[in-house]
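Where a number appears in this text, it was derived from the coordinates with a stated rule and is not lab data. None of the values given here were measured: they were computed from a predicted structure. Here the Cβ positions follow ideal geometry from the backbone for every residue, glycine too, while neighbour counts run over all protein chains shown.
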Amino acid sequence: MSTNAAPITVIDKPLVHRSLWGDALRRFRRNRLAMLGVAILFLLLFMAVFADILAPYDYDRVFFTRRASTLPFTFPEHPLGLDGSSRDYLTRLIYGARTSMFVGIAVPTIAFLIGIPLGAISGYWGGRIDFLIQRVVDVMTAVPPLLFTIFLLSVMGSGVGNVIFALAITSWIEPTRLARAQFLTYRDREFVTAARALAAGDWRIILLHILPNAISPLLVAFTLAIPLAIFAEAGLSFLGIGITEPTPSWGKMVGSGIGSSIRVYYHLAMFPTILVALTMLGFSFVGDGLQEALDPSRSTR
């Protein structure tokens with residue numbers, strides 16, 4: 001027998017270290033609807049941030065020499081026509097994006113800043129603290145959110161700040177419940193017990209051990225709460241108790257555009273309705289994409 005066997009070459013391949021967030025990002029990028037939602041939201045956020053540059057006129061400028069409610073493409077300098085007060089409608093739509101995006105992001109931010117600490121305290125410590133917080137949650141749940149919001153605005157008055165405050169006060173219930181459920185799930189896990197054995201303090205366990213594991217559903221819920229806040233602001237402005245003049249708001253523009261003349265001046269209600277729908281669609285796509293990316297068992301791809 002020949003002993004001149006061919007040498008075996010071993011190729012060392014570098015180990016690829018994957019993290020939870022890295023894998024989630026890769027799954028999110030493969031979701032076409034999620035990326036479409038990102039593109040839609042990027043365009044709307046770009047329009048909101050750079051409204052001062054993109055808008056051809058000031059949002060409160062009145063063109064006294066033009067007839068009110070002019071149809072689109074009647075004048076080249078007003079491609080989307082004029083509203084009922086002879087203001088450029090394209091300008092109003094662009095600035096309306098700033099109002100809607102600001103309200104949509106501010107409301108869930110405040111609500112989650114209230115709800116997550118309350119839910120964490122309630123779920124981690126339990127006992128009397130949990131009982132007290134949950135009774136407050138039960139009382140707030142029994143009050144219809146829309147009626148309570150209308151009541152607050154009738155007392156405080158309209159305006160962007162008051163609308164954000166009123167909507168945030170009625171929106172912290174769900175984040176509190178979700179955070180409590182997550183902390184109840186993780187507080188007795190092995191890694192929490194090990195942290196206690198190493199003499200870690202309660203707040204260290206809450207912030208560094210439980211919260212990073214519970215953040216995924218909270219992040220998804222935050223993303224899905226943004227279109228709900230935008231829709232709520234649009235509804236309040238539609239009722240005439242939301243954003244005050246002359247600040248533009250898509251919901252208020254829809255409300256003012258609906259009337260006996262909507263068959264003629266269709267653009268007054270159609271354009272802001274389309275933008276509200278696109279905004280909600282974009283956030284819904286992103287929220288669903290995050291849900292599938294952070295929870296692979298839900299993915300059907």
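Structure summary
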{"quantity": "The chain, relative contact order in percent, only Cα pairs under 8 angstrom and at least six apart counted", "calculated": "25"}
{"quantity": "Neighbour-count ranking [beta-carbon atoms within 10 angstrom, fewest first] of Glu174, Glu245", "calculated": "Glu245, Glu174"}
{"quantity": "9 Å beta-carbon shell around Gly119, net charge (K/R +1, D/E -1)", "calculated": "+2"}
{"quantity": "Relative pair counts by distance (%), Cα atoms of the chain, 20 Å bins", "calculated": "27, 46, 20, 6, 2, 0"}
{"quantity": "Angle in degrees between helix 160-169 and the longest Cα principal axis of the chain, rounded to the nearest 10", "calculated": "40"}
{"quantity": "222 nm mean residue ellipticity, helices alone, for the chain (DSSP H n ≥ 4; -39,500 (n - 2.57); rounded to 500)", "calculated": "-21500 deg cm²/dmol"}
{"quantity": "Sorted by Cβ neighbour density within 10 Å, fewest at the top, the residues Leu25, Leu36", "calculated": "Leu25, Leu36"}
{"quantity": "Footprinting exposure proxy for Arg29, Arg128, Arg180, Arg187 (fewest neighbouring C-beta atoms within 10 Å first)", "calculated": "Arg128, Arg29, Arg187, Arg180"}
{"quantity": "The range 191-290: trypsin sites (Lys or Arg not before Pro) in DSSP loop, at most 15 other beta carbons within 10 Å", "calculated": "Arg263"}
{"quantity": "Using alpha-carbon coordinates, inclination of helix 145-156 to the longest axis of the chain, degrees", "calculated": "60"}
{"quantity": "Rg followed by Dmax, in Å, when the range 103-153 is reduced to its Cα trace", "calculated": "13.0, 36"}
{"quantity": "Directionally averaged projected area (convex hull, Cα atoms, the range 180-301), nm²", "calculated": "11.6"}
